[in-house]
2 protein chains.
Amino acid sequence: MSDRPLSANAASGETVPCEDCPLRRRAAFRSLSEDELHFIERLKIGEATFVKGQALLTEGTRSPYVYTVLHGWGFRYKLLEDGRRQILNYALSGDFLGLQASVFGDTGYSVEALGPLRACVFQRERLWELYKSWPSLAFDLTWLAAREERILDDNLLSVGRRSALERVAYLVMHLFARAESVGLATGDRLTLPITQQHVADTLGLSLVHTNKTLSRLVRLGLLRWHAGSLALVERDKLAALAGFDLEARSVRPLI
Amino acid sequence: MSDRPLSANAASGETVPCEDCPLRRRAAFRSLSEDELHFIERLKIGEATFVKGQALLTEGTRSPYVYTVLHGWGFRYKLLEDGRRQILNYALSGDFLGLQASVFGDTGYSVEALGPLRACVFQRERLWELYKSWPSLAFDLTWLAAREERILDDNLLSVGRRSALERVAYLVMHLFARAESVGLATGDRLTLPITQQHVADTLGLSLVHTNKTLSRLVRLGLLRWHAGSLALVERDKLAALAGFDLEARSVRPLI
DNA sequence: CGGGTTCTTGACTAGTTTCAAGCAAAGTGG
DNA sequence: CCACTTTGCTTGAAACTAGTCAAGAACCCG
């Protein structure tokens, strides 16, 4: 099913023309010219809905598709043979998935939906047209790749050099900031469909220790966390503890 | 000094025209058309030599330059305020440095030379010309970005989910494979200018534990390591222990 | 031949994992 | 609609991996 998302899912909703894309209305994304928009419209071959647990991409396979998330959450991960899992990053509205697949053919990681997830679908091989005729969009793709690299750099710093307490604080701040930038947070509150096992696999910790660390942050009065419902009680203190940069974000491209 | 590498270093050696670039002769790199080569030649504003410990890029600054390493080793890293260091990746012949700088203006990491390092220098702002007129080269840049992403994914998997023994084995295999692909390894031997502190900061381990783990691998008869001189005694066993993929590499672009 | 790095080793400590058990909440099916 | 199962969360205790401290040896470089 995961390798034929279109036939399996295309019927499950109305396809939105790129001009009417709800994401484009958000200030977080750079606005495109008529022509650029038109090109993307032609590049897009449809939309697909994925259910919780369904794979968008699978490690080691050659997906013919790449995606841009419209709404919903997903996560990118790798497995060791014995089942140990490392979550590399999360995907939410506006995130592009499948750059490695576009460039190398095969994907080095898997992507799974954390709940109902809707995505724009593009044909991997036609992405080359974008480079030939739309340098501005090609640059946008590079922008997105550089952003992914920056997030990975930060995560690696966390997992390699921060204590468990700092790590959890950093992840919470990171996810909140990203969700907020696409309008998913209300004040200091955010509902995110991840379990403590996901947090553990993101931070390189065990489930038990993650639970204890999370409880510690709650007891310290810095945040609240109940079944994926997150509230930042002391945002500044969390940021300070995590070494997280609270500065404003710039506008970003959307493909 | 690090922000004016050209004036400081340009005199320290002959500049090689791109057509005569020794790297291009290697099978690892894809060959370019006359026109592509000519364009890169015009984009290049010189070469620079860096000494051990010198910075090519500095976290949080806006370097006007980006680089391609000609020879020598460097490493990319981030610091926490209290001095904890995480090494994100290494840079050697053919590696492009400064993608984040090109796209965001400021750099999120630092790059430091591990010994004498010579690099091609490009002006960050003129990279946009490459997108406008040379889609094939723009795609190459994206290729390099995707490769960096893949390496970071792998490192994150290591640091997050592998044991100390597996981590060291993985790093050794990774560095050896990269060095070998650009002709720096002889048989099963390689001289790499890194200390055990670098290994520790790459893998998220303490110096002492890194030393003990390295000794254990030596005692197990899998490798030899003396002051940066590495020999893979049991390459297959190391790969198996590390969960490292021994498969052949494809040709890669060079900018 | 110093003097500084880098490496090595042992003893002790702290942080984290593993094991185990129980509970709460949310499905699922008869 | 209620037993039954599954999934996720929580807690305590024991085991272990990795970190810290300390000191000395080996190695380079000038």
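Could you check how many residues of region B:138-174 are more than 7 Å from chain A (Cβ to nearest Cβ) and β-branched (Val, Ile, Thr)?
Residues flagged as more than 7 Å from chain A (Cβ to nearest Cβ) and β-branched (Val, Ile, Thr) within region B:138-174 amount to 3.
If you go through region A:108-119 one residue at a time, how many are within 14 Å of chain B (Cβ to nearest Cβ), in a strand (DSSP E or B) and surrounded by fewer than 24 Cβ atoms within 10 Å (Cβ to Cβ)?
1
Would you mention how many residues in region B:120-138 are surrounded by 19 or more Cβ atoms within 10 Å (Cβ to Cβ) and free of Cβ contacts under 8 Å to residues at least 24 places away in the same chain?
Residues in region B:120-138 being surrounded by 19 or more Cβ atoms within 10 Å (Cβ to Cβ) and free of Cβ contacts under 8 Å to residues at least 24 places away in the same chain: 3 in total.
Name the one entry in A:183, A:187, A:160 that is free of Cβ contacts under 8 Å to residues at least 12 places away in the same chain and on the phi > 0 side of the Ramachandran plot.
The unique qualifying residue is A:187.
Which residues, taken from region A:84-107, are assigned to a loop (DSSP other than H, G, I, E, B), at pLDDT 95 or above and more than 22 Å from residue A:28 (Cα to Cα)?
Residue satisfying the conditions is A:84 alone.
Considering every residue within region A:158-170, establish whether at least one is in contact with a strand residue (DSSP E or B) (Cβ under 6 Å, 6 or more places away or on another chain) and away from DNA strand C (no atom under 16 Å from the Cβ).
The answer is no, given that none of the residues of region A:158-170 is in contact with a strand residue (DSSP E or B) (Cβ under 6 Å, 6 or more places away or on another chain) and away from DNA strand C (no atom under 16 Å from the Cβ).
Only one residue in A:239, A:179 is more than 14 Å from chain B (Cβ to nearest Cβ), away from DNA strand D (no atom under 14 Å from the Cβ), surrounded by 17 or more Cβ atoms within 10 Å (Cβ to Cβ) and not in a strand (DSSP E or B). Which one?
A:179
From (1) within 14 Å of chain A (Cβ to nearest Cβ); (2) within 12 Å of DNA strand D (Cβ to nearest atom), pick out the condition that doesn't hold for residue B:227.
It fails just one condition, (1).
Where residues in region B:209-230 are away from DNA strand C (no atom under 13 Å from the Cβ) and surrounded by fewer than 16 Cβ atoms within 10 Å (Cβ to Cβ), which of them is farthest from residue A:84 (Cα to Cα)?
First pass over region B:209-230, keeping only residues away from DNA strand C (no atom under 13 Å from the Cβ): B:220-222.
From what is left, the residues that are surrounded by fewer than 16 Cβ atoms within 10 Å (Cβ to Cβ) are B:220-221.
Values: B:220: 25, B:221: 27 Å.
Only one residue tops the list, namely B:221.
Identify the residue in region A:133-164 that is part of a helix (DSSP H, G or I) and small (Gly, Ala, Ser) and, among all such residues, is farthest from residue B:155 (Cα to Cα).
A:133
Which one of B:168, B:199 is aliphatic (A, V, I, L, M) and under 13 Å from residue B:89 (Cα atoms)? Spell out how you get there, then give the answer.
Details: B:168 fails: under 13 Å from residue B:89 (Cα atoms).
It is B:199.
Regarding residue B:145, is this residue more than 15 Å from DNA strand D (Cβ to nearest atom), aliphatic (A, V, I, L, M) and either without any contact (Cβ under 8 Å) to a residue 12 or more places away in the chain or more than 20 Å from residue B:75 (Cα to Cα) (or both)?
no
Taking only region B:190-208 into account, find how many residues are more than 8 Å from DNA strand C (Cβ to nearest atom) and without any contact (Cβ under 8 Å) to a residue 12 or more places away in the chain.
Residues flagged as more than 8 Å from DNA strand C (Cβ to nearest atom) and without any contact (Cβ under 8 Å) to a residue 12 or more places away in the chain within region B:190-208 amount to 2.
Can you tell me which residue within region B:184-208, out of those that are near DNA strand D (Cβ under 8 Å from one of its atoms) and either crowded, with 16+ Cβ neighbours inside 10 Å or of a type in the set (Ser, Thr, Tyr) (or both), is nearest to the other protein chains (Cβ to nearest Cβ)?
If we take residues in region B:184-208 being near DNA strand D (Cβ under 8 Å from one of its atoms) and either crowded, with 16+ Cβ neighbours inside 10 Å or of a type in the set (Ser, Thr, Tyr) (or both), then B:204 is nearest to the other protein chains (Cβ to nearest Cβ).
Any idea how many residues of region A:37-58 are buried (at least 18 other Cβ atoms within 10 Å of the Cβ) and among the charged types (D, E, K, R)?
2
Could you please find all residues in region A:201-225 being touching a strand residue (DSSP E or B) at 6+ places or on another chain (Cβ under 9 Å), part of a helix (DSSP H, G or I) and of a type in the set (A, V, I, L, M)?
Matches in region A:201-225: A:203, A:214, A:217, A:218.
Here is a list of conditions, (1) closer than 21 Å to residue B:157 by Cβ; (2) assigned to a loop (DSSP other than H, G, I, E, B), and residue B:254 meets all of them except one; can you say which number that is?
Condition (1) is where residue B:254 drops out.
Out of (1) β-branched (Val, Ile, Thr); (2) touching a Leu at 6+ places or on another chain (Cβ under 8 Å); (3) more than 16 Å from DNA strand D (Cβ to nearest atom); (4) farther than 30 Å from residue A:43 by Cβ, what's the single condition that is false for residue A:255?
Exception for residue A:255: condition (4).
Filter region B:61-74 down to residues that are more than 13 Å from chain A (Cβ to nearest Cβ) and part of a strand (DSSP E or B) and give me whichever is farthest from residue B:184 (Cα to Cα).
If we take residues in region B:61-74 being more than 13 Å from chain A (Cβ to nearest Cβ) and part of a strand (DSSP E or B), then B:65 is farthest from residue B:184 (Cα to Cα).
If a residue has to be out of contact with any strand residue (DSSP E or B) (no Cβ under 7 Å at 6 or more places or on another chain) and within 14 Å of chain A (Cβ to nearest Cβ) to count, how many in region B:40-60 make the cut?
1
Please verify whether residue B:45 is assigned to a strand (DSSP E or B) and of a type in the set (Val, Ile, Thr), treating the condition exactly as stated. Even if it seems obvious, please write down each step before you answer.
Numbers: assigned to a strand (DSSP E or B): yes; of a type in the set (Val, Ile, Thr): yes.
Against the criterion (assigned to a strand (DSSP E or B) and of a type in the set (Val, Ile, Thr)), residue B:45 qualifies.
The values are calculated or read from the model by the stated rules, or taken from the named source; none is laboratory data. Please read these numbers as outputs of a predicted model, since none were measured by experiment. Here Cβ is always computed from backbone atoms with ideal geometry, including for glycine, and neighbour counts include all displayed protein chains.
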